[in-house]
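Colleague: First the structure, which I've put down as structure tokens, then a few questions once you've had a look.
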């Protein structure tokens, strides 16, 4: 998995990512954005453009980083169980616990875990 650093984005790139990741619609018309900004985000692998529609490739990670309140429904009991698994060296068990309690997909659970409990 490639580590993505959002800290290096310009204000314009940040605004495009925020628009793509927080929109109710998963894709937006590519011509809504400046070509240079969109092109640089495509070059970094953060955005895909297909048939004139732009979409983020890392929506969950973006929202975990900048809008974590969207995923605040993880209960205290779940967090305790995850911490016990992590402390015991069972990262996969922690991911399973998270999935069971939250209903997140495997991919999103791994992203959530890497965000909150970095290796």
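Readers should treat all values here as calculations from the given coordinates under stated rules, not as data from a laboratory. Here the structure is a predicted model, which is why all the values come from computation and not from measurement. Here the Cβ positions follow ideal geometry from the backbone for every residue, glycine too, while neighbour counts run over all protein chains shown.
Colleague: log10 I(q)/I(0), Debye, Cα-only region 72-116, no solvent, q = 0.18, 0.28 Å⁻¹?
Modeller: Ignoring solvent entirely, the Cα scatterers give -0.42, -1.05.
Colleague: Also, I was wondering about something else. Please compute, over every Cα-Cα pair in region 8-64, the percentage with a separation greater than 16 angstrom.
Modeller: That tail contains 29 percent of the Cα-Cα pairs.
Colleague: Relative to the longest principal axis of the C-alpha atoms of the chain, give the angle of the C-alpha long axis of helix 76-87, reported between 0 and 90° and rounded to the nearest 10°.
Modeller: Approximately 80 degrees, to the nearest 10.
Colleague: Hey, what number do you get for the chain at 222 nm if only DSSP H runs of n ≥ 4 count, each worth -39500 (n - 2.57), divided across all residues, to the nearest 500?
Modeller: For the chain, the value works out to -16000 deg cm²/dmol.
Colleague: So what's the Cα pair-distance distribution over the chain, bin width 5 Å, in %?
Modeller: Spelled out per bin, shortest first, that is 2, 11, 21, 19, 15, 12, 10, 6, 3, 1.
Colleague: Separate question: How far is helix 11-22 tilted off the main Cα axis of the chain, in degrees rounded to 10, range 0 to 90?
Modeller: Approximately 60 degrees, to the nearest 10.
Colleague: In addition: For helix 91-102, report the angle its Cα long axis makes with the longest principal axis of the Cα atoms of the chain; keep it between 0 and 90° and round to the nearest 10°.
Modeller: On a 0 to 90 degree scale, this one is about 80.
Colleague: Still on this structure, please answer the following. Could the peptides 36-43, 76-83 be put in order, highest first, of the mean number of other beta-carbon atoms found within 10 Å of their residues?
Modeller: Peptide ranking by packing, descending: 36-43, 76-83.
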